């Protein structure tokens, strides 16, 4: 197990370093306008002086060294166009908690509804629950999200008699965006859990468990569910971490001051430093999420970290 | 012979498949006696597994007992409907060993837990008591170093070792009847012999009644006291091991025995039964084996033969045994069983 963790950890760190370096190198190819709020009006010598000051005229390896040194000290750089002169770290600090909170609520809701739904569908395969669930899944996957998001917003706010927009201080207004965000993942969890559970239920170990005298309920809970959940658990840490990215559509629909759309925003505004920082953060989250997912899977499934050293006899 | 521990009377089992009804077991009657080892042989699809699964309520959801009874401990379990009723039997009184050990164990639970689950369910054993019993059982099935082995997972065991674990689970609660559904089919020959030996030892140690399903006649010769030959959902001949091997009476049994490769002669083609088994979606008229039977009489196509008693232990369902039927001699090749009888018993 330790061996496996070590190997996986090393691979992740290496991948992260490669990605950070590649992103950094690519960003050096961007036009220098991206470092100025009003490039056309700035005189050439001033431009040169600012580039010097930002260290962009240094040799590439010095720039790379400074960049890593800054990262180690937690310095994410300074925005030059999106919010001139503001530390990027503080921009994120203001926006991320909102997205994370909404994201966590939505994830909790998706798991709490999606997993029982999937399990129930698998247990009553081809019966009414399964059919209702399938109907829901098909609806969510077939109808563009924008359509039912808008219905939920307008009818939901009228039904509960609340504001259509998000209000940080009024938790009731959080409900509609969280529910909207969850529908897609509820359908996703239910669909895959049902599928994996139905697969598992046809396996021989379930037949043996029945012959052993385990009740149908306990077979589902203690044997089938855990086996079916292994392929799903891999993605849970990623989903958890990516709540920080927020949801572009929901956040703009309800005017939630979160991270959603920030990356798109800074790309259209050509804020080079911020694009670089955000891309790096999301890439790192992706890698860390996958690492945690793999480790979680190894904890649940003893076959994964099994090394030849222990030996099969 | 001792009292029957389980009595099957005129059992009919049907399945509904794609809107059609398949008559899988067609009026089987069978007594299983305390302490005996009964083998059920027959080709694939003859209903061997379905018959035994019905003793434990393990028929697939689309199958049902249509009529007949299965008397076990004075109760007709064929009437059992709820899971609760079946749980009083499954694993506790009748246990089963499945065919493929590679897939019969839960890959995510260590084997100690998988054996312990049965102990807890049927005997309420927990903690140190359960651990002690698990160690005993593992030693019983020939797994050394049980303290270490019980914490290991199925993937850390080879096929033969896994089958030992499956057997350990089956005998954990000292069932009265052990059903072995082709337990050695998926294993290689040397391991087969070891597992057979193990099952024989356990039969003795735990005083088990066993039902052994197989299509390997060598294995049968090795383990069975009695043999039931099944064809198309019916027992066509049943008798002691000697009666079936040395004095078979049913043409299907003849054909089955003639198919033994050991009886072939070098250079001759191996014997194969021509044709295919009847389609059990349709009601079978007369003797199900008649269309493939070179000795078939006219009546075989019209009326189903009754059982004829050859001896108190030997019953055959064939019109050939009627006193009005012409005398028919079994195929020449079967005499070779006599000649090499000993070697057949050693086989496997």
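With respect to residue B:12, determine if the residue is farther than 25 Å from residue B:223 by Cα and either outside any loop (DSSP other than H, G, I, E, B) or out of contact with any helix residue (DSSP H, G or I) (no Cβ under 7 Å at 6 or more places or on another chain) (or both). Considered against the rule, which asks whether it is farther than 25 Å from residue B:223 by Cα and either outside any loop (DSSP other than H, G, I, E, B) or out of contact with any helix residue (DSSP H, G or I) (no Cβ under 7 Å at 6 or more places or on another chain) (or both), residue B:12 comes out as yes. Against the list (1) over 30 Å from residue B:154 (Cβ atoms); (2) surrounded by fewer than 20 Cβ atoms within 10 Å (Cβ to Cβ), the condition residue B:47 fails is (2).
For residue B:251, indicate whether it is in contact with a helix residue (DSSP H, G or I) (Cβ under 8 Å, 6 or more places away or on another chain) and at pLDDT 90 or above. Spelling it out, residue B:251 is indeed in contact with a helix residue (DSSP H, G or I) (Cβ under 8 Å, 6 or more places away or on another chain) and at pLDDT 90 or above.
Does the range B:81-90 include one or more residues that are away from chain A (no Cβ under 14 Å) and in contact with a strand residue (DSSP E or B) (Cβ under 8 Å, 6 or more places away or on another chain)? There is no residue in the range B:81-90 that is away from chain A (no Cβ under 14 Å) and in contact with a strand residue (DSSP E or B) (Cβ under 8 Å, 6 or more places away or on another chain). For the range B:91-114, the set of residues classified as closer than 20 Å to residue B:202 by Cβ, more than 7 Å from chain A (Cβ to nearest Cβ) and surrounded by fewer than 24 Cβ atoms within 10 Å (Cβ to Cβ) consists of B:93, B:99, B:112, listed by residue number. Scanning the range B:57-80 for residues that are part of a strand (DSSP E or B) and touching a strand residue (DSSP E or B) at 6+ places or on another chain (Cβ under 7 Å) yields B:63, B:64, B:65, B:66, B:67, B:68, B:69, B:70, B:71, B:72, B:76.
Consider residue A:249 carefully, then state whether it is in contact (Cβ under 8 Å) with a residue 24 or more places away in the chain and farther than 25 Å from residue A:15 by Cα. Yes: the conditions hold for residue A:249. Of the set (1) under 15 Å from residue B:168 (Cα atoms); (2) buried (at least 21 other Cβ atoms within 10 Å of the Cβ); (3) away from every other protein chain (no Cβ under 13 Å), all apply to residue B:135 but (2). Per the conditions (1) under 30 Å from residue B:94 (Cα atoms); (2) surrounded by 20 or more Cβ atoms within 10 Å (Cβ to Cβ); (3) more than 12 Å from every other protein chain (Cβ to nearest Cβ), the sole criterion not satisfied by residue A:221 is (2). Return yes when residue B:144 is within 24 Å of residue B:187 (Cβ to Cβ), at pLDDT below 95 and more than 9 Å from chain A (Cβ to nearest Cβ) and no when it is not. Considered against the rule, which asks whether it is within 24 Å of residue B:187 (Cβ to Cβ), at pLDDT below 95 and more than 9 Å from chain A (Cβ to nearest Cβ), residue B:144 comes out as yes. Checking each residue of the range A:280-297 against the condition of being within 25 Å of residue A:198 (Cβ to Cβ), within 14 Å of chain B (Cβ to nearest Cβ) and within 17 Å of the chain's Cα centre (by Cα) gives at least one match. Scanning the range A:198-208 for residues that are more than 7 Å from chain B (Cβ to nearest Cβ) and in a helix (DSSP H, G or I) gives A:198, A:199, A:200, A:201, A:206.
When we screen A:176, A:117 for residues that are at pLDDT 95 or above, more than 14 Å from every other protein chain (Cβ to nearest Cβ), buried (at least 17 other Cβ atoms within 10 Å of the Cβ) and part of a helix (DSSP H, G or I), the only hit is A:117.
Residues in the range A:252-272 that are touching a helix residue (DSSP H, G or I) at 6+ places or on another chain (Cβ under 7 Å), in contact (Cβ under 8 Å) with a residue 24 or more places away in the chain and part of a helix (DSSP H, G or I): A:253, A:262, A:266, A:272. All conditions in (1) more than 14 Å from chain A (Cβ to nearest Cβ); (2) touching a residue at least 60 places away in the same chain (Cβ under 8 Å) hold for residue B:49, with the sole exception of (1).
The values are calculated or read from the model by the stated rules, or taken from the named source; none is laboratory data. The shown structure was predicted, so the numbers you read here are calculated from the model rather than taken from an experiment. Here the Cβ is made from the backbone with ideal geometry for all residues, glycine too, and neighbour counts use every protein chain on show.
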